[in-house]
Amino acid sequence: MMSGSGNSSGAASTAGADGRHDDDAALTEFLSSLMDYTPTIPDELVEHYLGRSGFNCPDLRLTRLVAVATQKFISDIASDALQHSKARVAAPIKDNKSKQPKDKRLVLTMEDLSKALREYGVNLKHPEYFADSPLTGTDPPTREE
Amino acid sequence: MTYGGGDAAREPQLDSQNTLKPRISTTTNQFGHAVSRISVTQILEATGFEHSYRRPIDALADVLLRYISHVGKLSVSYANMSGRIQCNVFDVILALEEIASVHGFAGQSDPNHSLSSSGVVLDLWRVVGKEREVPFAGSIARFPVTRSRQVETSQDTENEVEWGHIPDWLPSFPDPSTYTNNSVSNESSVPRKQMERPHFSFRKFFSVNGSDGLAPSGNTNVERENEMVQRNPYLVPPLPHRERQVSDMTIPSERKAVSVFETFAPVIEASGGEIVEERGVISSKRPAVRFRIGVGTKSMSKMLSLRDTGMKEDLWTVKEEEMDSKKRRAEMILKESMEKPNELAQL
C-alpha cells in the first residue's frame with residue numbers, strides 16, 4: 001500500500017517534473033522566438049527606460065519581452081478605444097434633419113481614450129477648453145481691459 | 001494615417017482643435033517621448049484607426065513610457081526580494097502578472113501556477129505568433145549618448161602602474177618624491193607645476209613641532225595649502241602649541257589718566273549726580289561736568305509739601321535740591337579719599 005502510494009506520488013512527481021520541464025522548454029522556445037520578432041517599440045527606447053528604473057539585464061530577450069508586453073498593452077487600449085469610437089459612430093442620431101450625416105471616419109479622441117484607459121487604471125482628464133487669459137469668463141465690468 | 005499638426009515645436013501652437021498644445025516636460029524625455037509617439041502611431045494604425053488628434057497620441061506615448069518604467073521597477077523589486085540585483089525572466093513575468101492582475105489573466109486564481117506557462121506568457125506568445133509584425137519605422141541609435149570627457153592626464157598617470165584592484169576612477173597616487181625622504185631627487189626630477197600636491201601638508205604641521213621627518217618641498221605646496229585653507233575654513237590646520245604674536249590692545253588715546261575721580265564714577269552715578277544725565281546722551285565729545293558747589297538751605301518738609309501738590313516745576317526744583325545734597329555727599333567722599341588714600345577699601 002505504502003509502496004503503491006509512494007509509486008503514485010513518484011509518478012505524480014515525475015509527471016510534475018516533466019510538466020515543469022515542458023513549461024521551461026516552452027518558455028525557452030518563446031524567448032528564442034522573440035529574437036525573430038521585431039516589436040514596434042525599438043529596443044533602445046525600452047532599454048533606456050528600463051535602465052532608468054534600475055532594471056539591469058544584459059539579455060536582449062528580456063528587453064524584447066518587455067517591448068512585446070508593452071506593445072500588447074498599448075494595442076489593447078487602442079482596440080478598446082476603437083470599440084468606443086465605433087459605438088459612437090453607430091449610435092443613432094436624435095436630430096437627423098438638422099445635423100449632417102455622421103462622419104464615418106475613425107478618429108481617436110481624448111474622450112474615447114480616457115474611457116478605455118479608465119479600465120486599465122489610468123485616469124486621464126482632458127480639460128474642456130483653455131482660456132487665453134485668467135479673466136476669461138468673468139463679468140465684463142470686473143474685467144480689466 | 002493622418003497626423004494632426006507638424007512635429008513638436010517649443011512654442012505653444014494651436015492645433016486642429018484650437019487648443020494650446022502643452023510643452024513636453026523635460027529635455028531628457030523629449031527624445032524618448034518623440035520616439036514613443038512614433039511607435040504609438042504605428043500601433044494605432046495597426047489597430048485600425050485612420051486619424052487621430054495630437055493630444056491622445058501624446059497621452060498614449062506617455063502611458064507607454066510609464067508602463068515600461070513600471071515593469072522595470074516591479075521586476076527589480078522582485079529580483080531584490082529574491083536577493084539578486086540582476087533581473088531574470090521570472091522577475092519580469094511576475095511583474096507582468098502583477099500589472100495584469102487588475103484585468104485578470106488565465107490561471108490567476110491558482111497560487112501554484114507555473115510561471116513558465118503563465119497566462120501572461122501565453123498571451124504574449126499569441127501576439128508574437130499571430131499578429132502581423134510591424135517593425136519600428138526607421139532606426140534609432142543607442143541613447144543617451146554620453147559626451148566623451150577628456151580625462152586630465154598628469155605626468156603621474158602616465159608613469160603609473162596599473163593596479164588591477166584599484167578602480168580607474170580614483171585619483172592617481174601622488175608622486176613618490178613628495179613623500180619620500182630623498183631630498184636630492186625631489187626638485188629636479190619632476191617639474192613643480194605638474195606635480196600633484198596633497199591638499200593638507202602634514203610636513204608643515206609636523207615641522208612646527210620639531211619632528212620634521214619629511215623633505216622640504218617648494219613654495220607651491222604652501223601656496224596650494226593656503227589656497228585650500230582660504231577656500232574652506234574647516235580645513236584650517238589647528239594652531240600648533242607655541243607662542244603667537246597677538247595684536248596689542250588699543251587703548252583709546254582720548255582717555256585721560258586714571259584719576260580718583262574716574263575710579264569713583266560709579267559711586268557718583270549711584271548717588272544720582274549730573275554725570276548720569278550726561279551719559280544718557282550718545283555723543284563723541286564728552287561734555288564738561290559741571291558741579292554746583294553750594295549749600296542748599298531748603299528744609300525737607302518744604303520738599304515734601306511740594307511733592308504733595310504734584311506741581312511739575314516744583315518737582316524739578318525738588319530734584320535739583322536732592323541732587324545738591326547728594327553731590328555734597330559725593331564731594332565729601334572724594335575729599336576723604338584724596339586725603340586718606342589708604343582707606344579706599346571702606347568704600
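We did not get these values from a lab; they are worked out from the coordinates using the rules stated. Nothing here was measured: the structure is a model prediction, and the numbers come from that model. Glycine also receives a Cβ, built like all others from the backbone with ideal geometry; neighbour counts cover every protein chain displayed.
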To the nearest 0.05, how large is the calculated FRET efficiency for B:HIS70 and B:ARG244 if R₀ is 56 Å and r is the Cβ-Cβ distance? 0.30
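Counting only other chains, and only Cβ atoms inside 10 Å, what mean value do you get across the residues of B:31-39? Spell out each step's value before the answer.
Working: counts 2, 5, 1, 0, 5, 7, 0, 4, 10.
Average neighbour count from other chains, rounded to a whole number: 4.
Taking beta carbons within 10 Å but only from partner chains, what does the mean come to for residues B:87-99? Don't skip to the answer; put the middle values down first.
Values: counts 8, 3, 9, 1, 3, 9, 3, 0, 3, 6, 0, 0, 4.
Other-chain Cβ atoms within 10 Å of each residue's Cβ, averaged: 4.
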For the stretch B:69-84, 3J(HN,Hα) per residue [Karplus equation, 6.51 cos²θ - 1.76 cosθ + 1.60, θ = phi - 60°, Hz, x = Gly/Pro]: 4, 5, 4, x, 5, 5, 4, 5, 5, 5, 5, 5, 5, 8, x, 10
Just to verify a number: FRET efficiency for B:VAL236 and A:TYR120, C-beta to C-beta distance, R0 = 60 Å, to 0.05? 0.45
Using a simple spin-label model with points 7 Å from Cα along the Cα→Cβ vector, what separation in nm is obtained for B:MET332 and B:ASP168? 9.8 nm
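When Cβ neighbours within 10 Å are restricted to other protein chains, what is their mean count per residue of peptide A:22-30?
5
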Exposure proxy order (Cβ contacts within 10 Å, fewest to most) of B:VAL134, B:VAL71: B:VAL134, B:VAL71
Viscosity 0.890 mPa s, temperature 25 °C, Stokes-Einstein D of the stretch B:58-134 from Kirkwood C-alpha radius, µm²/s: 180 µm²/s
With a Förster radius of 51 Å, plug the Cβ-Cβ distance of A:LYS86 and B:ILE85 into 1/(1 + (r/R0)^6) and report the FRET value to the nearest 0.05. 0.60
Hey, rough spin-label estimate for B:ASP110 and A:ASP132, points 7 angstrom out along Cα→Cβ, what's it come to in nanometres? 6.3 nm
Please report, in whole Å³, the volume per residue of the convex hull around the C-alpha atoms of the stretch B:24-100. 112 Å³
When only alpha-carbon atoms are used, what values of Rg and Dmax, in angstrom, describe the stretch A:23-65? 11.2, 31
